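Visitor: Structure provided below as structure tokens; questions to follow.
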Amino acid sequence: MLSLVLTWLIVAWGALACIYLLYRAWTRFPRRDLDDVVHFLYPVDLSLAESLLDPAEDFSLRWSLSPRAYREAQRRRMRLYLELVRRMAHNSVVLVEFGNAACAGEKLEAAVVSELQQAAIKVRLYSTFARLNLRIRLLLPSGAFGVIPLPDLPRMRKVADLDGPKTYDELRTAAAAAFMQLQPGDLEGLTRNL
């Protein structure tokens, strides 16, 4: 009798756990509407990203600084670029949620939403591999680069066969095209935050 009660308690607990997990999965993804998009975007300075990935600037730093100072400067620049890539990834998720909500409400054409989603997928793919690469390189101690050569940040421009700033610029263009169809007056706020 005790084993039968215990069995039913375990089954009931498992069923409640499944219901709870489904509820959490359902409510985890916020439904972004048009008014939320601009406020949830993090600004990404593409000119800063371009300067961090510039081979000429990297070359001038390498020759003007001592090896130790260059390693520290390079690590600072890598952390800054990691933050920019994190912002790119976040913005692509917000824009995909916006595109899905606008498509479900049939406010946007399917072609515009598809272009926005394709650009966001490229940015997510680039940012995933770039973040992984940067985190691994930043985990290594600073002195380890005496034996292992310090990676050039300009090589991070193309990761997974994608040019990072170029793919993010394509996402900005696709988002501006989608947003212009819905609220042309707020286009300035979107481009400023993107």
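Since every read-out is calculated from the coordinates, none of them should be taken as a lab result. Since the model is a prediction, treat every value here as computed from it, not as a measurement. Cβ: placed from backbone, ideal geometry, glycine included. Neighbour counts: every protein chain shown.
Visitor: Tell me, Cys103, Cys18 in order of fewest to most beta-carbon neighbours within 10 Å? Mind showing how you got there, number by number?
Guide: On the way: Cys103 18, Cys18 10.
The order, fewest Cβ neighbours first, is Cys18, Cys103.
Visitor: Let me ask something else about it. Order these by the 10 Å Cβ neighbour count, fewest first: Met180, Met88, Met156. Mind dumping the intermediate values first?
Guide: Details: Met180 14, Met88 26, Met156 22.
By the 10 Å Cβ count, ascending, the order reads Met180, Met156, Met88.
Visitor: For Val159, what residues show an amide H to amide H distance below 5 Å, using hydrogens built from the backbone and excluding near sequence neighbours?
Guide: Gly164
Visitor: From the backbone phi of the range 117-127, what are the Karplus-calculated ³J(HN,Hα) couplings (6.51 cos²θ - 1.76 cosθ + 1.60, θ = phi - 60°) in whole Hz, Gly and Pro given as x?
Guide: Working through the residues one at a time gives 5, 5, 5, 5, 5, 4, 5, 4, 5, 4, 5 Hz.
Visitor: Under a plain spin-label model, where a point goes 7 Å from the Cα along Cα-to-Cβ, how far apart in nm are Asp163 and Ser51?
Guide: Calculated label separation equals 2.1 nm.
Visitor: Please report Ile10, Ile121 as a ranked list, fewest other C-beta atoms within 10 angstrom at the top and most at the bottom. Working shown, then result.
Guide: Details: Ile10 10, Ile121 14.
Fewest-to-most Cβ neighbours within 10 Å comes out as Ile10, Ile121.
Visitor: Net charge around Leu80, counting only other residues with Cβ within less than 12 Å of its Cβ (Lys, Arg = +1; Asp, Glu = -1)?
Guide: Details: positive: Arg75, Arg76, Arg77, Arg79, Arg86, Arg87; negative: Asp45, Glu83.
Computed value for this residue: +4.
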